Each structure stands twice: as C-alpha cells, then as structure tokens.
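Beneath this line is the structure, given in structure tokens, with notes to follow.
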Amino acid sequence: MVPVADMLNHNGRLANADWTFDAKRDCFTLTARRPLQVGEEVTVSYGYRGNLELLEIYGFCLSDN
C-alpha cells in the first residue's frame, strides 16, 4: 500500500502524472508529465488491466473497458 497514491484517479493514456519507486531514496515519487494548472486534478494510470483485475486490486471498474 502506498498511502494517498491509491486515491489518485485513473486516466489511462491521458494521465498527467507518473508514480514510481525510487530505490536510492527508498520512497515513492509522483512526477507531473507536464506543468499543471492550479486546482487541476492529478491523475495517474493504473495500467492496462481488465475490469476484474481493476476491481480486485483497486476497487473500481471502467464503463468503457
């Protein structure tokens, strides 16, 4: 579990941020893919998964998946 990171909204290919594990610093990092506007929602991609896997792991499904 990564506190707060699992609360970010999934936006697939249109995600505006990426999260990765930095082994040297022993922490997760969240990096914007482009400059974000004040108040803009931060979105990430949970990967290309079917609805069953998304539901089992993250607790949501996509209507167009």
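The values are calculated or read from the model by the stated rules, or taken from the named source; none is laboratory data. Here the structure is a predicted model, which is why all the values come from computation and not from measurement. Note: ideal-geometry Cβ built from the backbone for every residue, glycine included; neighbour counts use all protein chains shown. The accessibility values were calculated without ligands, DNA or RNA, using every heavy atom of the protein model including side chains. Shrake-Rupley method; radii C 1.70, N 1.55, O 1.52, S 1.80 Å.
I need the full set of residues from the range 17-48 which are part of a loop (DSSP other than H, G, I, E, B), surrounded by fewer than 12 Cβ atoms within 10 Å (Cβ to Cβ) and at negative phi, in order please. Spell out the reasoning first.
Restricting attention to the range 17-48, the residues satisfying the condition of being part of a loop (DSSP other than H, G, I, E, B) are 23-26, 33-42, 45-48.
Cutting the leftovers down to surrounded by fewer than 12 Cβ atoms within 10 Å (Cβ to Cβ) gives us 23-26, 34-35, 37-41, 47-48.
ALA23, LYS24, ARG25, ARG34, PRO35, GLN37, VAL38, GLU40, GLU41, TYR48 - these are the residues of the range 17-48 that are part of a loop (DSSP other than H, G, I, E, B), surrounded by fewer than 12 Cβ atoms within 10 Å (Cβ to Cβ) and at negative phi.
Out of TYR58, TYR46, report the one residue that is touching a residue at least 24 places away in the same chain (Cβ under 8 Å) and touching a strand residue (DSSP E or B) at 6+ places or on another chain (Cβ under 6 Å).
Testing whether each residue is touching a residue at least 24 places away in the same chain (Cβ under 8 Å) and touching a strand residue (DSSP E or B) at 6+ places or on another chain (Cβ under 6 Å) leaves just TYR46.
Among the candidates ASN65, ASN11, single out the residue that is in contact with a Gly (Cβ under 8 Å, 6 or more places away or on another chain), in contact (Cβ under 8 Å) with a residue 12 or more places away in the chain and not acidic (Asp, Glu).
Of the residues listed, the single one that is in contact with a Gly (Cβ under 8 Å, 6 or more places away or on another chain), in contact (Cβ under 8 Å) with a residue 12 or more places away in the chain and not acidic (Asp, Glu) is ASN65.
Which residue is most open to solvent (accessible area, probe 1.4 Å), if the candidates are limited to the range 49-65 and must be in contact with a Lys or Arg (Cβ under 9 Å, 6 or more places away or on another chain) and either over 16 Å from GLY12 (Cα atoms) or outside any loop (DSSP other than H, G, I, E, B) (or both)?
So the residue we want is ILE57.
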